[in-house]
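Here's the structure, in C-alpha cells; my notes come after.
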Amino acid sequence: MDFKQISQLILQDASVEISQEFDRNFERKAFFDESWKTDKYPNSKGSTLLRTGKGRRSIQNPVVTEDQTTWSSNLPYMKIQNEGGEIIVTAKMKSFFWAMYYKAYGGIQFSIKKKAAANTQRNKRLTAEAQKWKALAMQPVGTKMKIEQRQFIGEHPEVHKIVKKVANINMKEVEQHLKTILKK
C-alpha cells in the first residue's frame with residue numbers, strides 16, 4: 001500500500017462520516033454548533049430548509065478526487081441557502097409569491113355568523129403565512145432580496161476533527177499491517 005492509496009482511503013472514509021454530520025445539520029437546524037437564523041415571520045411552518053425535506057435529499061454523494069472531497073446539490077437554490085447572498089425578484093417569482101398567498105389565504109376558515117375569520121390556531125398560522133407571501137409579492141421586479149446564510153456544508157473545526165480521527169484510525173490499521181508484514 002503506497003501513500004496515495006492510504007490518502008484515498010482516508011478521504012473516502014472521512015467523506016462518509018462527514019456526509020452523515022452534514023445530514024445531521026438539518027436535524028440540528030444548525031451548522032454544527034452555529035444555529036440557523038429563524039424565519040422572521042411568526043407562526044411559520046418550521047425551518048426554511050426542512051419544510052419539505054427536498055433540499056436535504058438533494059445533497060449528492062461526495063466526489064472524492066486525489067486531494068479533496070466535494071459535495072453538491074441538484075437544486076440551484078441550495079447554494080444560496082448554504083452561502084447566503086442576494087437574489088433579484090423576477091416576474092416569475094412574483095407570480096409564485098401571489099400563488100402562495102392565495103393558497104394560504106384560501107385555507108382560512110371563516111365564521112358564518114360573524115362573517116370574519118374564525119379565531120383558531122390554524123387560521124392564525126395561515127394568516128401569518130398569507131401576510132408573508134403578500135409582502136414578498138408586493139416587492140417590485142428588480143428588488144434585491146437578502147437570503148440569510150443557513151450553512152449545512154463547508155469548512156468547520158468539527159470537519160477537521162473527523163478527518164483527524166479517521167486518519168488516526170487508518171494509520172493504526174496501516175501500522176498493524178506493516179507489523180504483520182515485517183514479522184514474516
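The values are calculated or read from the model by the stated rules, or taken from the named source; none is laboratory data. This is a predicted model, so every value here is computed, not measured. Quick reminder, even Gly has a Cβ in these numbers, built from the backbone with ideal geometry, and neighbours come from all protein chains shown.
Computed values, structure above
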| read-out | value |
| --- | --- |
| Pair list, Cβ under 8 Å, 6 or more apart: region 139-150 residue farther than 16 Å from GLY84 by Cα, other residue loosely packed, with under 14 Cβ neighbours inside 10 Å | GLN139/MET145; VAL141/THR90; VAL141/ALA91; GLY142/ILE88; THR143/ILE88 |
| Selection count where residues are farther than 28 Å from ILE10 by Cα and in a loop (DSSP other than H, G, I, E, B), scope region 128-184 | 9 |
| Residues of region 59-86 that turn out to be part of a strand (DSSP E or B) and without any contact (Cβ under 8 Å) to a residue 40 or more places away in the chain, as a count | 3 |
| Residue tally, condition hydrophobic (A, V, I, L, M, F, W, C), farther than 15 Å from GLU155 by Cα and touching a helix residue (DSSP H, G or I) at 6+ places or on another chain (Cβ under 6 Å), over region 10-36 | 2 |
| Qualifying positions in region 1-12 - surrounded by fewer than 18 Cβ atoms within 10 Å (Cβ to Cβ) and not in a loop (DSSP other than H, G, I, E, B) | PHE3, LYS4, GLN5, ILE6, SER7, GLN8, LEU9, GLN12 |
| Criterion violated by GLU158 - all others in (1) under 30 Å from TRP98 (Cβ atoms); (2) under 27 Å from the mean Cα position of the chain (by Cα) satisfied | (1) |
| Residue match in region 25-40 (condition: surrounded by fewer than 12 Cβ atoms within 10 Å (Cβ to Cβ), in contact with a strand residue (DSSP E or B) (Cβ under 8 Å, 6 or more places away or on another chain), at pLDDT 85 or above and not β-branched (Val, Ile, Thr)) | no |
| LEU49 being out of contact with any Leu (no Cβ under 7 Å at 6 or more places or on another chain) and at pLDDT below 85 | yes |
